[in-house]
Amino acid sequence: QVQLVESGGGLVQAGGSLRLSCAASRIIFKLRPMGWYRQAPGKERELVASITTGGSTNYSISVRGRFTISRDSARNTVSLQMNSLKPEDTAVYYCNINPPYPGYWGQGTQVTVSS
């Protein structure tokens, strides 16, 4: 069974940091590029960071230089280190393969950044 479970969200002040984690089924993790997505209230879901099976990364302009995506093969996890958080980073964050598969969306984890 395919599962993607996000964790690590919370409430943080602007300028603070959070680390999100996504536990993935082994078959997904080994074969697919992964991505972190976010959806803010009233906005469409967007890709903010991605990582290939080989470890190459890409970031949206809005988070480049502040967020770092990584993957841990031993634990089948994909993490998103978020630094220098801004109120506009407030959203529900999801992980999925890249490009995303609709059936893989999980509950996500809420990130709220206060000003």
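The values are calculated or read from the model by the stated rules, or taken from the named source; none is laboratory data. What you see is a predicted model, and the numbers here were worked out from it, not measured in a lab. No Cβ is skipped: glycine too gets one built from the backbone with ideal geometry, and neighbour counts run over all protein chains shown. Ligands, DNA and RNA are stripped out before the accessible areas are found, and what is left, the full protein with its side chains, is counted by its heavy atoms. Shrake-Rupley method; radii C 1.70, N 1.55, O 1.52, S 1.80 Å.
Some values worked out for this structure:
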| read-out | value |
| --- | --- |
| Computed lengthening from residue 25 to residue 52, 0.36 nm per intervening residue step minus Cα-Cα distance | 8.1 nm |
| Where the chain is the region considered: accessible area per residue in Å², 1.4 Å probe | 54 Å² |
| With every protein chain in place, the range 12-68: carbon and sulfur % of accessible area (1.4 Å) | 49 percent |
| Inter-probe distance in nm under a simple model that places probes 7 Å from Cα toward Cβ, at residue 14 and residue 112 | 1.7 nm |
| Alpha-carbon centroids, the range 81-104 and the range 12-46: separation in whole Å | 4 Å |
| Gain on full stretching of the segment that runs from residue 75 to residue 44 - 0.36 nm per residue minus C-alpha separation | 8.1 nm |
| With all protein chains modelled, accessible area of residue 27 [1.4 Å, Å²] | 110 Å² |
| Residue-averaged 222 nm ellipticity for the chain, from DSSP H runs of 4+ at -39500 (n - 2.57), nearest 500 | -1000 deg cm²/dmol |
